[in-house]
Amino acid sequence: MKWVEVQIKTTTEAEELVTSIMYELGVTGLAIEDPKDILAFQQSEEDWDFIDPSIINQDYEGVIIKAYFPEDENLSDKIDLVRENIERIPYKERGKRLGEVTITEVYEEDWAESWKKYYKPVKIGKRIVIKPTWEEYKAGEDELIVELDPGMAFGTGTHETTMMCIEALEDYVKNGHTVFDIGCGSGILSIVAAKLGAEKVVGVDLDSVCVKVSNENISINGVEDVVETRQGNLFEAVHEKAHVIVANIIAEVIVEMVDYINEYLFDEGIFIASGIITEKLEKVKAKLMEKGFKILEIKCIGQWASIVSTLE
């Protein structure tokens, strides 16, 4: 399968805005290369396994953002929207265009394999360790290991939104719970819920590639008896109720879900929502409160936010 890499050269100041635009346009994968971040890491006391020298040595002073879209019938429209938003329309607060766009074809096999050398085990929260299937790792006391091969699906565990979801699942999933994972991607959150003691987990995704990858990772982790993956959206694919629903998607979709999410939650059920750009946090919070949800916790990392709420 062929994908298209959209490379955007922009400034550090415009990074968050460009990133937000790309997610709004339905970006499937995204990478940000900022030499200043790498230099800061090198000067820190952290132990880094590998830093790509091409990033350090790039001759561009700003940030390079790489977004990935599948080559489908809507691709040309998406590319036009990218160019319109980034190149053609001057941003009113900057008085000039946001960046320079370059389009490149990428084959699935090349993309799916090339990044693996940079992906290492990482501990998230108190107990969860996300371990790539090809890496060795000795579990510490009380650590729960999630083995993962994301392939072409979103969800390595290292994105801020995923990390916040994992931390929330640690706090709210109890033995015997039923959990729904909406927009399950690689299946990482479904597997985490199962490892934390959930009795039944249903992962839902619109993308058939994500469903396939999720099922493979579920099998690798030996939680097939607990986790089931369904293709579709929440309202089409799920007909039961859960103690915890986690949705790591975009703010607009979360706002739409809130109108109906109570129908899928048990009394005192927990709704974990992430993938929210901080600029839209108040919009999501207001919608939840309007529909009778009590906000239990709000967390922000960088430009991303998560909200944990329950029905009052």
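The values are calculated or read from the model by the stated rules, or taken from the named source; none is laboratory data. Please read these numbers as outputs of a predicted model, since none were measured by experiment. Here Cβ is always computed from backbone atoms with ideal geometry, including for glycine, and neighbour counts include all displayed protein chains.
Quick check: anything in region 262-276 assigned to a helix (DSSP H, G or I), assigned by TED's automatic domain parsing to the domain that holds Val227 and of a type in the set (A, V, I, L, M)? Give the derivation first.
First pass over region 262-276, keeping only residues assigned to a helix (DSSP H, G or I): 262-264.
After this cut, where a residue has to be assigned by TED's automatic domain parsing to the domain that holds Val227 as well, the list is 262-264.
Checking the rest, the ones that are also of a type in the set (A, V, I, L, M) come to none.
No; the residues of region 262-276 include none that is assigned to a helix (DSSP H, G or I), assigned by TED's automatic domain parsing to the domain that holds Val227 and of a type in the set (A, V, I, L, M).
Among (1) of a type in the set (S, T, N, Q); (2) outside any helix (DSSP H, G or I); (3) surrounded by 24 or more Cβ atoms within 10 Å (Cβ to Cβ), there is one condition Asn175 misses while meeting the rest; what is its number?
So Asn175 meets the others, but not (3).
Considering region 156-172 alone, what residues qualify as being β-branched (Val, Ile, Thr) and part of a helix (DSSP H, G or I)? I'd like the intermediate steps shown before the answer.
Residues of region 156-172 β-branched (Val, Ile, Thr): 156, 158, 161-162, 166.
Selection gives Thr161, Thr162, Ile166.
Do the conditions hold for Ile307, that is, is it in contact (Cβ under 8 Å) with a residue 40 or more places away in the chain, in the same structural domain as Ser190 (by TED's automatic domain parsing) and assigned to a strand (DSSP E or B)? Spell out the reasoning first.
On the way: in contact (Cβ under 8 Å) with a residue 40 or more places away in the chain: no; in the same structural domain as Ser190 (by TED's automatic domain parsing): yes; assigned to a strand (DSSP E or B): yes.
Criteria not met by Ile307.
Anything in region 229-245 that is of a type in the set (A, V, I, L, M, F, W, C) and surrounded by 16 or more Cβ atoms within 10 Å (Cβ to Cβ)? List them, or say none. Full working, then the answer.
The initial filter retains those residues of region 229-245 that are of a type in the set (A, V, I, L, M, F, W, C), namely 234-235, 237-238, 242, 244-245.
Within region 229-245, Leu234, Ala237, Val238, Ala242, Val244, Ile245 meet the criteria.
Can you pull out every residue in region 233-253 that is out of contact with any strand residue (DSSP E or B) (no Cβ under 6 Å at 6 or more places or on another chain) and of a type outside the set (A, V, I, L, M, F, W, C)?
Asn233, Glu236, His239, Glu240, Glu252, listed by residue number.
May I ask you to verify whether Glu160 is of a type in the set (D, E, K, R) and surrounded by fewer than 16 Cβ atoms within 10 Å (Cβ to Cβ)? First the steps, then the outcome.
Working: of a type in the set (D, E, K, R): yes; surrounded by fewer than 16 Cβ atoms within 10 Å (Cβ to Cβ): no.
When the stated conditions are applied, Glu160 does not pass them.
Please find, among Asn262, Asn215, Asn248, the residue that is surrounded by fewer than 19 Cβ atoms within 10 Å (Cβ to Cβ) and touching a Ser or Thr at 6+ places or on another chain (Cβ under 7 Å).
Going through Asn262, Asn215, Asn248 in turn, the sole match is Asn215.
Exactly one condition in (1) charged (D, E, K, R); (2) touching a Ser or Thr at 6+ places or on another chain (Cβ under 6 Å); (3) at pLDDT 95 or above is not met by Glu147; state its number.
Glu147 satisfies all of (1) charged (D, E, K, R); (2) touching a Ser or Thr at 6+ places or on another chain (Cβ under 6 Å); (3) at pLDDT 95 or above except (3).
With the requirement that a residue be more than 19 Å from Gly187 (Cβ to Cβ), of a type in the set (Val, Ile, Thr) and in contact with a strand residue (DSSP E or B) (Cβ under 9 Å, 6 or more places away or on another chain), what does region 254-282 give you?
Ile254, Val258, Ile261, Ile270, Ile276, Ile277, Thr278
Select from region 1-29 the residues that are under 16 Å from Lys280 (Cβ atoms) and of a type in the set (Ser, Thr, Tyr) and write down the one among them that is modelled with the lowest pLDDT.
Checking each candidate, the answer is Tyr23.
For Val226, work out the one condition from (1) under 15 Å from Val308 (Cα atoms); (2) surrounded by 16 or more Cβ atoms within 10 Å (Cβ to Cβ) it doesn't fulfil.
The one condition Val226 does not meet is (1).
Quick one: is Val244 at pLDDT 95 or above, in contact with a Gly (Cβ under 8 Å, 6 or more places away or on another chain) and within 26 Å of Tyr23 (Cβ to Cβ)?
Details: at pLDDT 95 or above: yes; in contact with a Gly (Cβ under 8 Å, 6 or more places away or on another chain): yes; within 26 Å of Tyr23 (Cβ to Cβ): yes.
Answer is yes for this residue.
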